[in-house]
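The values are calculated or read from the model by the stated rules, or taken from the named source; none is laboratory data. On a predicted model such as this, the values are computed, not experimentally measured, just so you know. Backbone-built Cβ (ideal geometry, glycine too); neighbour counts: all protein chains shown.
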Amino acid sequence: MNARNRRNPWCAAVCLGMAVACLPLAGCKTWKKMTTSKETLAEERKYGATADQRIEELTAAAKRASQGSHADQEDFTQSLVKELLDEHDPRVRCTIVDLASGIELPAAAAICRGALEDPEPRVRMAACSAWRKRGGEEAVELLSVRYRGDREIDVRLRALRELGDLGDKDAVPVLAKALEDPDPAVQYRAVGALKQVSGRDLGDDVNKWREWAADPEGSTAEWTIAEGVRQLF
């Protein structure tokens, strides 16, 4: 057997190996999809629905409850209380708080109130937004407390923003106090909130807003003149 023929068996083996290795590639996407599907089903059987599935189910249940009777809404709200207490995923808890924000029942208010003390900052931020949606005197009080006492800067900034969006003049004292905060981000957010609450625009100069906050009523005439000049340009 010459050298060329002696090499042929090795060449054939290599070619056969390559061919066999390539066979699954044509169906790899299908195989991956089947495997992923089986793994997903196994996970669901073991751990229950995923966070996305729970969010979807809660949203659908909220829609059904809103179209039902008062008793249906009460039952749904009570189920939200239980879900919030049992839920470990912050994303789902945020959804629960958001859904509760649109329900005018004591249990829904309790959910939004309790969420302000949630250990997860994202949930506390969602609670701030919930109270802006709910509005009223309690909203101003709770958002003010959250701004003053929260340990996370993002939550404090969210509380200030929601106070501004409320547009309630009762929020002026806490917003004025925020102008004295050493953090420039807090000062800037307080200025933005005061613009919304006051309905005026003194620019972004913190010192001007501090002067206004010291005597809001006495600054009314100055506001009117300044705004009139700005509108001319």
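Here are Val172, Val155, Val140: which of them is of a type in the set (Val, Ile, Thr) and either modelled with pLDDT under 95 or out of contact with any helix residue (DSSP H, G or I) (no Cβ under 6 Å at 6 or more places or on another chain) (or both)?
On the way: Val155 fails: either modelled with pLDDT under 95 or out of contact with any helix residue (DSSP H, G or I) (no Cβ under 6 Å at 6 or more places or on another chain) (or both); Val140 fails: either modelled with pLDDT under 95 or out of contact with any helix residue (DSSP H, G or I) (no Cβ under 6 Å at 6 or more places or on another chain) (or both).
The unique qualifying residue is Val172.
Picking from residues in region 185-222 that are modelled with pLDDT under 90 and either of a type in the set (Ser, Thr, Tyr) or in contact with a strand residue (DSSP E or B) (Cβ under 8 Å, 6 or more places away or on another chain) (or both), the one that is surrounded by the fewest Cβ atoms within 10 Å (Cβ to Cβ) is Thr220.
Listed residues Ala139, Ala171; which is over 21 Å from the mean Cα position of the chain (by Cα) and crowded, with 20+ Cβ neighbours inside 10 Å? It would help to see each step written out before you state the result.
Details: Ala139 fails: over 21 Å from the mean Cα position of the chain (by Cα).
Matching residue, one of Ala139, Ala171: Ala171.
Among the residues of region 152-206, the ones that are farther than 16 Å from Gly136 by Cα and not in a helix (DSSP H, G or I) come to 13 in all.
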